[in-house]
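So the structure is just underneath, and the comments pick up after that.
The values are calculated or read from the model by the stated rules, or taken from the named source; none is laboratory data. Computed from a prediction, not measured in an experiment: that's the story for all the values here. Here the Cβ positions follow ideal geometry from the backbone for every residue, glycine too, while neighbour counts run over all protein chains shown.
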Amino acid sequence: MTQTLIKGATILTMDDDAREFTGDVLIDGGVITAVGPDLPQGDAKVVHAEGCLLTPGLVNTHHHLYQTLTRAVPGGQDALLFGWLKTLYPIWSRFGPEEMYVSASIGLAELALSGCTLTSDHLYLYPNGSRLDDTIAAAQDIGMRFHPTRGAMSIGESNGGLPPDSLVEQEPAILEDCIRVVDAFHDARDGAMVRVGIAPCSPFSVTRDLMRDAAILARDKGVMLHTHLAENDEDIAYSLEMFGCRPGQYAEDLGWTGSDVWHAHCVKLDGSEIDMFARSRTGVAHCPCSNCRLGSGIAPLRDMRDAGVPVGLGVDGSASNDAGNLIAEARQAMLLQRVARGADAMSSREALWIATRGGAEVLGRHDCGQIAVGKRADIAIWDMNGIEAAGSWDKAAILLAGPTRVKELFVEGRQIVQGGHLVSIDLEQMIGRQNRLAKALIQ
Ligand SMILES: [Zn+2]
């Protein structure tokens, strides 16, 4: 196997002892085989990282990659969540496989350039022959570790739902396609590049039966469950009115708690719901920029962490962020807790832990998210010699002063960003394709 020796970096390991030191990392194939000062070079290819910060690759736990084609749509720029959705549904209903592939490629490229090596995705609409396969192809072409989830909506406008009927599916067909994509793509082994999850869009876009059946199917197949939960006040009001209980109770009643479940947002979880999530090891994808962008509120991240809830970060769909920069998202998470709780509420190191190890644990990836022997070689190298960190007394405090674009990025030991540029696909050409598709949708 090919060996790579990364030399001379300041290493923030995120391992069990939270070790920090200046030294080297040896990669053999897809695995980290040695970490420490002055490692012997042997036959390894050397990557010089003197003056750089080396961290685990960042992990994104919530996204809708297809939305990268609908950033900053004028009618949705200043709307609240439900109004925003109603503006965008008619546009999304014109998507097909090409839009899904190109939009996902751009979203994944943006994540990679911001230090992300593992991302989940939540694709819950399949117009005009689109399939989960389209986004998996995009991740494979870029070389990113990918956890796509087979989302779904089944309650259309004619049944009192939000989406137009043309964007919803029949529930038996949804379950059938969930089985198809799990059987075709899910890999449960250590080092897996693709793991599939099952993910009805939200409790208000599918029936109680589908929520329950999805949970039964996921357990039968040994895959994870994901959805949106308790995102804002409208969400809580809807749950109380339609289901007669809060979202946490609804989730628990239908089998949607446990270490194989993670929920996006959870801005409005109350104290007893936080305790229940901690007890059941139910994960949360915290999406601070999206919560700011849509005015949803400040998630009780400090309380969740203190209670022991597994928490990762998510950039959320590009139409509700509208950016997809994960290291910037980590900074936002840190700042937002300080707005709510004071300057000592969250450190740069803790927010970066959530963005790496925290996310890996939420996604059930105990083989990723830390720089340690035997873990997968998913590594981000940040150039601290540039203007963003000039004058910094603590180069490891990258969320206070540091770059937002990665210098080198390794996924499963393969380098996909080199010298700040994506090397696995032709990014300029992909941006051109994306802009042509966006133009056609506007007309
Ligand atoms: Zn979302």
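None of W382, W353 is among the aromatic types (F, W, Y), assigned to a helix (DSSP H, G or I) and in contact (Cβ under 8 Å) with a residue 12 or more places away in the chain except W353.
Listed conditions (1) in contact (Cβ under 8 Å) with a residue 12 or more places away in the chain; (2) of a type outside the set (F, W, Y); (3) in a helix (DSSP H, G or I) are all met by A397, apart from (3). Of the numbered criteria (1) touching a strand residue (DSSP E or B) at 6+ places or on another chain (Cβ under 7 Å); (2) of a type in the set (S, T, N, Q); (3) outside any strand (DSSP E or B), the one T227 fails is (3). Among the residues of the range 176-197, not a single one is over 23 Å from the mean Cα position of the chain (by Cα), surrounded by 15 or more Cβ atoms within 10 Å (Cβ to Cβ) and outside any helix (DSSP H, G or I). Scan the range 252-268 for residues that are within 16 Å of the ligand (Cβ to nearest atom), touching a Pro at 6+ places or on another chain (Cβ under 9 Å) and of a type in the set (A, V, I, L, M) and jot them down. Selection gives V267 alone. Cβ-Cβ distances below 9 Å connect the following pairs, each with a first residue in the range 291-302 that is surrounded by fewer than 16 Cβ atoms within 10 Å (Cβ to Cβ), a second residue that is among the small types (G, A, S) and part of a helix (DSSP H, G or I), and a separation of six or more residues or different chains: I298/A340. In the range 248-262, what residues are touching a residue at least 60 places away in the same chain (Cβ under 8 Å) and hydrophobic (A, V, I, L, M, F, W, C)? Answer for the range 248-262, where residues must be touching a residue at least 60 places away in the same chain (Cβ under 8 Å) and hydrophobic (A, V, I, L, M, F, W, C): just W262. If I filter the range 291-321 down to residues being charged (D, E, K, R) and more than 11 Å from the ligand (Cβ to nearest atom), which single residue comes out as nearest to Y66 (Cα to Cα)? Looking at residues that are charged (D, E, K, R) and more than 11 Å from the ligand (Cβ to nearest atom), I get R293.
Scanning the range 270-290 for residues that are without any contact (Cβ under 8 Å) to a residue 40 or more places away in the chain, within 28 Å of R219 (Cβ to Cβ) and either assigned to a loop (DSSP other than H, G, I, E, B) or within 16 Å of the ligand (Cβ to nearest atom) (or both) yields D270, R281, T282. Taking only the range 52-73 into account, find how many residues are outside any helix (DSSP H, G or I) and modelled with pLDDT of 95 or more. The total comes to 13.
Looking for something of a type in the set (S, T, N, Q) and within 21 Å of V362 (Cβ to Cβ) - is there at least one such residue anywhere in the range 143-151? The answer is yes; a qualifying residue exists. Based on what the data block shows, is A343 assigned to a loop (DSSP other than H, G, I, E, B) and either at pLDDT 95 or above or crowded, with 17+ Cβ neighbours inside 10 Å (or both)? Criteria met by A343.
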